[in-house]
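As structure tokens, the structure follows; a few thoughts come after it.
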Amino acid sequence: MANVVDIQVVPPPLPASWAPPASTGKATAPLVERRLLPAGPAYLAHVKRAVHKLTFEEHDQ
Amino acid sequence: MAAQPNGTADAPIEVSLIPTVVGINFGNSYASIAEGSAECIANEDGERQIACAVSFHGEEIYIGNQAKHQLVKNSKNTITGFRNLLGKKFSEIPSDKPSVSAPVIQHPEQPDVAAYKVQVLQAAPSPLPTTASNTPAASNAATPRSEPTPAERILTVSEVTTIFLKSLVQSAEDFLGKKVQGAVISVPTWFEDAQRAALEQAAEDAGLKVLQLLEEAAAAAVTTTTDATSSGLPADRTQLVVDLGASALELHLLSLREGLAFSRGTLSDRAVGGDAIDDKLIRFFAKEFTKKTKTALAVSPAGGAQDARAEAKLRLAAEHTKRTLSASPGAATCSVESLKDGLDFAGTITRLRFDMEVRAVYDAVLARARALVDAAGADLLDVDEVVYVGGSASLPGLDETLAQGLREDVVTPFTAGTVVGGGVGDPTTILARGCALQAKLVATLADGTEEEREVRAAFAGGSKWTQARATSKTVGMLFPEEGAEGPLGGQWIPTVLKDTAVPCRRTLRFDVDLGEAEGEKKVGFEVWEVKEGVKIEKVKPPKDEEEDMPEDGEEEEEEEEIEVKERTVEKENLLTALHFAAKEAKKAKGRWTTKVEVQFLIDENGALEISAWEIGASGRGEKTSVSVPAS
Ligand SMILES: Nc1ncnc2c1ncn2[C@@H]1O[C@H](COP(=O)(O)OP(=O)(O)OP(=O)(O)O)[C@@H](O)[C@H]1O
Ligand SMILES: [Mg+2]
């Protein structure tokens, strides 16, 4: 099951003037290379999803 | 097997599905071993920190702290510091350092192999049993056992390691009452392939199956991310691991993201550690001794052979002094019988005085921590949690010193109160615990299918699965607000932090304020990538002691400004926005609110998908989603 985190922040009401900005066409910032520490259940889950080619949702089941 | 009465079936054999596995912290100075439930096991002498020392005395072999005590009178037959030499050729070992234990020599037969030469007594062969037929009556009395004979024994570094590991495992088996079936052993980050291979071989020679060689930083991460132990800390956090052992300081800046960890930087300093602390402490006590007895004593460096013997005694005694100081705030004693010229020594030191004496070591740790975060492009203020590893990190003065550079709300095992009584934050047990938890994880992996074997192989050294890509900017939700304070113009909720390995998923649930107005209500937010930094402001300290200041303006000039550091967040890239009508809003005290769930999903290429649901009585409502392509 997805790990849902309850947070205590309560965002304020939208300003009357707010209009959702039109699609910006922007892409996410480039990724960087890192070396994971091969330990713990989270690493196991990460590898399992990759090896068995599972999405997060499929892996939840 | 005991004889069974006829007709009874064998008692069912208890077959546990979980094999008996242990975690071993194998340091250069001390080792510790933990079992499945991650508690450290004491050896037969009641020690949980077992000195990595093997000493030969006559027919006896001492291992552990008993062996360390042999450093005073039997140093040339006492072997220490072997862990760091594993997998090294003789020619690779620097010979400049004077050794207080058995010197490392070139093996007499094997080329370029490091070894030790010790004097032992070899047990004489037992006398032949007498037989009735050929023994003359006169000599029918038992043949006296002949004396053991002195002999020389050559041991390679690997053989010493095997002897030591065997004894560790034996202690664990005695305690558990079961055979140990496998172990995860910690190794320093800088251990090269040859060193790893040599350790694995030495363990195998000791009859120990190595499940995984685990980097020390990883062992610390496992212990601190295991649910029961994380004390209300966020699952996404930056951790500074401070490992202060005997002969070195190792620092790691870890990015922990829902338990998935990687190192953003590592730094070691061989000049900082418990040995350096001992140098200062024994110099302090030597001075005390001279003051009290009017007998000259120079230690570290020693003044002569007699002083060297005294130094060895003081070093052993200092161990107890340091442990007392970290365990309680009162004064600690140091006593040595016949320290020099037959004179006994009994001294005390308060924690305050001790901290003063070793201040330079604490300060060096803080300076190196600063250098580490700098090199990683971060700041000490980014550190959410400090984890202490290594015996010398048990000293509270170290935590107090580091606090000067860290955020006020940083969590350390001292602030969390988990150091005392061998708690989960105890720096001397944390690595063995992590290894034990990891051993359990690895030992229960299936290997029936090709894929399962692949998953299992991901824990072996150099697995390709450790190669990952991570985000380079924090991305989150900005809820715009009328007349909001601050530069962002609304409520900022960071969702996927910078340095999160992909693919990743984060799901947040929270209430949204919809205001007082009736009619159609809308939930909406913008998705931004932000630039995080630290703002340094120089402020003049408040002048409250005006009267005490001298009249001439000179002092005024020299008055130092204080640096005030603050973390900052700036908008950088607006990626997209998401909005939907709230249908399940509830009114309380005149204001409407509704509960929402928002999920950020980043795929292996960096593409982002954001989904949101209103959460009503029957769970998730309609899904709204938008996506942002990878660059
Ligand atoms: N409770 C304590 N308080 C202060 N110092 C301690 C305490 N327990 C152990 N030490 C010191 O910690 C050091 C040993 O630390 P640790 O076991 O982490 O070393 P190691 O990792 O085996 O060695 P190295 O750093 O040489 O690789 C020794 O200097 C010892 O005196
Ligand atoms: Mg260490």
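Any read-out appearing in this document is the output of simple, stated calculations on the displayed coordinates, not a laboratory observation. Just so it is clear, the structure is predicted and the values come from calculations on it, not from any experiment. Please note: Cβ atoms are built from the backbone with ideal geometry, for glycine as well, and neighbour counts cover all protein chains shown.
Below are the figures for this structure:
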item: Net dipole in debye of chain B [+1 Lys, Arg Cβ; -1 Asp, Glu Cβ; about Cα centre; nearest 20]; result: 2460 debye
item: Simple Cβ-charge dipole of segment B:475-530, Lys/Arg +1 and Asp/Glu -1, about Cα centre, in debye nearest 20; result: 500 debye
item: Residue among B:G533, B:G590, B:H320 farthest towards the positive dipole end of chain B, charges placed on Cβ; result: B:H320
item: Chain B: relative contact order as a whole-number percent, Cα under 8 Å and 6+ apart; result: 11 percent
item: Rough spin-label spacing in nm, given labels placed 7 Å along Cα→Cβ, for B:T348 and B:E584; result: 6.6 nm
item: Label-point separation, B:A197 to B:E400 (7 Å along Cα→Cβ), nm; result: 4.9 nm
item: Placed amide H near B:G616: partners under 5 Å, 5+ positions off or other chain; result: B:G621
item: Protection proxy ranking of A:31-41, B:112-122 - average other beta-carbon atoms within 10 Å, highest first; result: A:31-41, B:112-122
item: Cβ neighbours within 10 Å from other chains - mean over B:326-337; result: 0
item: Neighbouring partner chain Cβ atoms per residue of B:254-263, average, 10 Å criterion; result: 5
item: Ranked by how many other beta carbons lie within 10 Å on average, peptides B:246-258, B:565-577, A:42-54 from highest; result: B:246-258, A:42-54, B:565-577
item: Note, ³J(HN,Hα) from phi for segment B:44-60, Karplus 6.51, -1.76, 1.60, rounded to Hz, x at Gly and Pro; result: 5, 8, x, 9, 9, 9, 9, 4, 7, 8, 10, 10, 10, 9, x, 8, 8
item: Listed residues B:I602, B:L199, B:G616: farthest to the positive end of the dipole of chain B (Cβ charges); result: B:L199
item: Chain B: calculated mean residue ellipticity at 222 nm from DSSP helix runs of at least 4, using -39500 (n - 2.57); result: -7500 deg cm²/dmol
item: Amide hydrogen neighbours beyond the local backbone of B:L575, cut-off 5 Å, H modeled; result: B:V527, B:W528, B:E529
item: Of B:K117/B:K322; B:K473/B:K535; B:K89/B:K179; A:K48/B:K178, those spanning more than 24 Å from alpha-carbon to alpha-carbon; result: B:K117/B:K322; B:K89/B:K179; A:K48/B:K178
item: Cα lying deepest toward the dipole's positive end in the protein assembly as shown, options B:V410, B:A457, B:S29, charges on Cβ; result: B:A457
item: Sites B:A446 and B:K179 - FRET efficiency at Förster radius 22 Å, r taken between beta-carbons, to 0.05; result: 0.45
item: Cα-based shape type of the protein assembly as shown, given that a ≥ b ≥ c are square roots of the gyration tensor eigenvalues and the cut on a/c is 1.5; result: oblate
item: Residue-wise HN-Hα coupling along segment A:38-53, computed from phi with Karplus coefficients 6.51, -1.76, 1.60 (Hz; x: Gly, Pro); result: x, 8, x, x, 5, 5, 4, 5, 4, 5, 4, 4, 5, 5, 8, 6
item: Shielding by partners, peptide B:605-617 (average Cβ within 10 angstrom, other chains); result: 1
item: Anisotropy class of chain B from Cα gyration tensor, a/c 1.5 cut; result: oblate
item: Charge context of B:K586, other residues only, Cβ under 14 angstrom, K/R +1, D/E -1; result: 0
item: Rounded if a/c under 1.5, otherwise prolate or oblate - segment B:274-357, Cα gyration tensor axes; result: prolate
item: Burial ordering of B:W492, B:W190, B:W465, fewest other beta-carbon atoms within 10 Å first; result: B:W190, B:W465, B:W492
item: Virtual spin-label span in nm between B:K531 and B:Q110, 7 Å along Cα→Cβ; result: 5.8 nm
item: Under 5 Å, built H, 5+ apart or other chain: amide partners of B:A582; result: B:K521, B:K522, B:V523
item: Reachable lysines from B:K540, criterion Cα separation under 20 angstrom, eight or more residues apart if same chain; result: B:K565
item: Among A:4-14, B:361-371, the order from most to least packed when residues are scored by Cβ within 10 Å on average; result: B:361-371, A:4-14
item: Part-to-part distance (alpha-carbon centres) for segment B:250-302 and segment B:441-504, which is given in Å; result: 36 Å
item: Computed magnitude of the charge dipole of segment B:274-357 (debye, nearest 20; Cβ of K, R +1, Cβ of D, E -1); result: 200 debye
